[in-house]
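Written out below as structure tokens is the structure these notes cover.
The values are calculated or read from the model by the stated rules, or taken from the named source; none is laboratory data. Keep in mind it's a predicted model, so treat the numbers as computed, not measured. When we count neighbours, we look across all protein chains shown, and the Cβ atoms used for this are built from the backbone with ideal geometry, even at glycine.
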Amino acid sequence: MQILDGTLVAAHIKEQLKKEVEELKAKGGKTPHLAAILVGNNPASEAYVGHKVKTCAELGFESTLLRFDTSITEKALLEQVKKLNEDDGVDGILVQLPLPDHISPDLIINNINPDKDVDGFHPISQGKMMLGQPTFLPATPYGIMLMLEHYNIDVAGKHCVIIGRSNIVGTPMTILLSRNTNPGNATVTLCHSRTKNLEEITKTADVIVAAIGKPKFVTANMVREGAIVIDVGINRIDDPTRKSGSRLVGDVDFDNVAPLCSYITPVPKGVGPMTICGLMKNTLEAAKLPKHMYN
Ligand code: NAD
């Protein structure tokens with residue numbers, strides 16, 4: 001069994017990105033600039049945005065963090081997005097989800113200039129991805145593809161079972177794994193909350209991608225010997241042995257599943273750091289685009 005070490009792969013990719021930014025700047029190019037919007041003070045969202053801002057600094061990117069109280073109206077948030085769309089200094093816009101209930105995430109995302117949609121959530125980005133056209137790929141699936149590429153894991157012709165059909169992880173994962181690229185060319189099954197006989201399906205999987213949001217949901221009886229398991233889940237569970245009283249676990253029962261696997265991602269230090277790499281790669285690409293394509 002080999003651990004797919006997200007921290008290690010991310011360090012490698014970040015080194016390349018850092019070099020590329022230095023070269024870009026030396027040639028008089030633009031310093032990539034990511035603007036992040038955070039509404040409220042959800043601790044998980046705070047941590048995710050904090051990591052992204054910190055990584056920008058590490059790579060020589062500029063970043064701006066715009067924080068708003070949960071009382072901000074949908075209209076006012078929309079205005080902020082529009083301002084960032086029009087600001088030629090800003091290359092990438094990230095709106096940290098979830099948003100408060102009175103704000104439609106679809107409306108906000110649909111109003112991001114697709115040229116700055118570095119999270120890859122805009123319908124234009126998602127549509128282009130489906131058609132196999134160059135675009136910003138959603139950061140987490142993009143990060144997973146980068147990880148497979150780094151470890152030279154060939155999924156062509158393999159049966160990949162994705163559990164979870166969200167627009168940001170599960171569904172785009174099915175597209176990326178099945179399209180005619182390398183990595184890609186897999187045979188994909190998408191499972192979700194209404195899937196019957198999940199265990200029978202996952203037992204036939206060469207690759208399982210778990211993106212459910214339920215701690216230790218994928219158990220050893222669901223995994224065949226030699227499978228590759230990618231655990232996207234990030235769940236906080238109580239742990240009285242820790243000073244903080246809690247710890248992070250994935251959607252996979254790691255201790256019992258790992259011995260069966262050929263490769264497995266841990267949580268933390270698996271998919272999480274790769275998601276940030278996906279976002280940073282998109283931001284660098286955005287900085288190279290001519291501005292005002294969609295304005
Ligand atoms: P989501 O809540 O939008 O979707 C969960 C999916 O799980 C749904 O499609 C649902 O159909 C499916 N599901 C629920 N119960 C099920 C069941 N019993 N059997 C089969 N399928 C079931 O979740 P999401 O946004 O895709 O996130 C999933 C997990 O991944 C969460 O823990 C989230 O925190 C984590 N996440 C991690 C990263 C990262 O960078 N590592 C990025 C995004 C999300």
Worksheet item: Across segment 77-96, which residue is surrounded by the most Cβ atoms within 10 Å (Cβ to Cβ) among those that are without any contact (Cβ under 8 Å) to a residue 40 or more places away in the chain and more than 13 Å from Thr64 (Cβ to Cβ)?
Response: Leu78
Worksheet item: For Ala286, all conditions in the list (1) more than 14 Å from the ligand (Cβ to nearest atom); (2) farther than 30 Å from Leu34 by Cβ hold save one; what is the number of the exception?
Response: (2)
Fill in: Count of residues meeting criterion [part of a helix (DSSP H, G or I), more than 16 Å from the ligand (Cβ to nearest atom) and touching a residue at least 40 places away in the same chain (Cβ under 8 Å)] in segment 130-144
1
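Output the residues belonging to segment 28-52 that are surrounded by fewer than 16 Cβ atoms within 10 Å (Cβ to Cβ) and not in a loop (DSSP other than H, G, I, E, B).
So the first thing to find is which residues in segment 28-52 are surrounded by fewer than 16 Cβ atoms within 10 Å (Cβ to Cβ), and the list is 28-29, 31, 41, 43-44, 46-47, 50-51.
Pro43, Ala44, Glu46, Ala47, Gly50, His51, listed by residue number.
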Worksheet item: How many residues are within 12 Å of the ligand (Cβ to nearest atom), in contact with a strand residue (DSSP E or B) (Cβ under 8 Å, 6 or more places away or on another chain) and in a helix (DSSP H, G or I) when one looks only at segment 148-187?
Response: 4
Discussion item. For segment 105-115, check the following and say yes or no: at least one residue is at pLDDT 95 or above, within 14 Å of the ligand (Cβ to nearest atom), surrounded by fewer than 17 Cβ atoms within 10 Å (Cβ to Cβ) and part of a helix (DSSP H, G or I).
Written reply: yes
